[in-house]
Amino acid sequence: MAIQGETREKTRINIREPKHYRVIMHNDDFTSMDFVVDILVEIFHKAEMEAERLMLMVHETGKAAIGSYPYDIAVTKVQAATTRAKEEGFPFRMTIEEA
């Protein structure tokens, strides 16, 4: 039963998935393969075999996409990896591009 003067509003909510960004790992001649695998396992939560496969792909082709994440997560993971590389003296490089 409607009350006189009552109005009803229909609210439409559009929820969109956030844009995803690819994290690209670049090869260099100084960063150790073990370090790259450790980064992939510990920061990017890859299984050991997947991490080794990705590391070899980076080594052989010069770069590889290692994951796709919302922007904030991609930036956080890249910062964590590059900070750790700097602490260990590696010129490790990663970039982010829109997926």
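So what are the ³J(HN,Hα) numbers for region 63-68, from phi and the Karplus equation (6.51, -1.76, 1.60; θ = phi - 60°), rounded to whole Hz, Gly and Pro as x?
Whole-Hz 3J(HN,Hα) from phi for region 63-68: 6, 7, 7, 10, x, 10.
If you roll a 1.4 Å probe over the chain with all protein chains in place, what percent of the accessible area is carbon or sulfur?
Answer for the chain is 51 percent, counting heavy atoms of protein chains only.
Just to be sure I understand the model, the point goes 7 Å from the Cα along the line to the Cβ. What's the resulting residue 29 to residue 53 distance in nm?
3.0 nm
Amide H to amide H, which residues 5 or more places from residue 99 or on other chains are under 5 Å from it, using H placed in the peptide plane?
Under 5 Å from the amide H of residue 99 lie the amide H atoms of 20, 21, 22, each far enough along the sequence or on another chain.
Give me the accessible area per residue for region 36-99, probe 1.4 Å, as a whole number in Å².
Spelled out: the 1.4 Å probe surface of region 36-99, per residue, equals 60 Å².
Which of the three applies to region 55-99, rounded, prolate or oblate, going by the alpha-carbon gyration tensor with a ≥ b ≥ c and a/c under 1.5 meaning rounded?
oblate
Convex hull over the alpha-carbon atoms of the chain: what's its volume per residue in Å³?
In the chain, the Cα convex hull volume per residue is 143 Å³.
Roughly what angle does helix 48-61 make with the longest principal axis of the chain, taking Cα atoms, 0 to 90 degrees, to the nearest 10?
Taking Cα atoms only, the helix is inclined about 70 degrees.
The values are calculated or read from the model by the stated rules, or taken from the named source; none is laboratory data. In this text the structure is predicted, and so the values were computed from the model without any measurement. All Cβ positions, glycine included, derive from the backbone under ideal geometry; neighbour counts span all protein chains shown. Heads up: the accessible areas ignore ligands, DNA and RNA and are worked out on the full protein's heavy atoms, side chains in. Shrake-Rupley method; radii C 1.70, N 1.55, O 1.52, S 1.80 Å.
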